[in-house]
Amino acid sequence: MNKKLFLKLGLLLLSLSLVSCGQKNNSPVEENPSKVSTSQSVSSTESSGEETKDEYYRIIKEVWQKQKDYIDSIDDPKLKQSIQTTQSAAIMESNRLLMEHPEDSEAIEASLKKVLSGE
């Protein structure tokens, strides 16, 4: 009985790892270069709060749009249902920005609200 349980758990873990690897490999966009460039552009911006807010909005909106394009490129409804939503992608990006730039938390949160409300 324990042998069957471990076998089932092993198969479950294997299938989950394959699904996550497949999602990363099927992604039409590169994630790492954009993250480096966006964090550098935000940190190099030494201007008014409104320009900083616009920059955070642009970064979060770009991640939201990339995820939307990825979702739209998938034909299989079961696979489409199992991937991250556009809202989750935007929230994760805002969390990343908050960790990198805690001093700009108000601007980041306002930008996230703007993206999630569809503006």
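Please treat every number below as a calculation from the coordinates, not as lab data. For clarity, every value in this text was computed on a predicted model and none was experimentally measured. Cβ coordinates were reconstructed from backbone atoms using ideal geometry, including for glycine residues, and neighbour counts include every protein chain displayed.
Data table
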read-out: Entries in Lys68/Lys113; Lys53/Lys80; Lys78/Lys113; Lys66/Lys114 that, when Cα-Cα distance is taken, lie over 26 Å; value: Lys53/Lys80; Lys78/Lys113
read-out: Surrounding net charge for Ile74, when Lys and Arg each add one and Asp and Glu each subtract one, Cβ distance under 13 Å; value: -1
read-out: Estimated distance in nm for a label pair at Lys113 and Asp76, the labels positioned 7 Å out from Cα along Cα-to-Cβ; value: 4.0 nm
read-out: HN-Hα J in Hz across region 54-68 - Karplus 6.51, -1.76, 1.60, θ = phi - 60°, x for Gly and Pro; value: 5, 5, 5, 4, 4, 5, 5, 5, 5, 5, 4, 5, 4, 5, 4
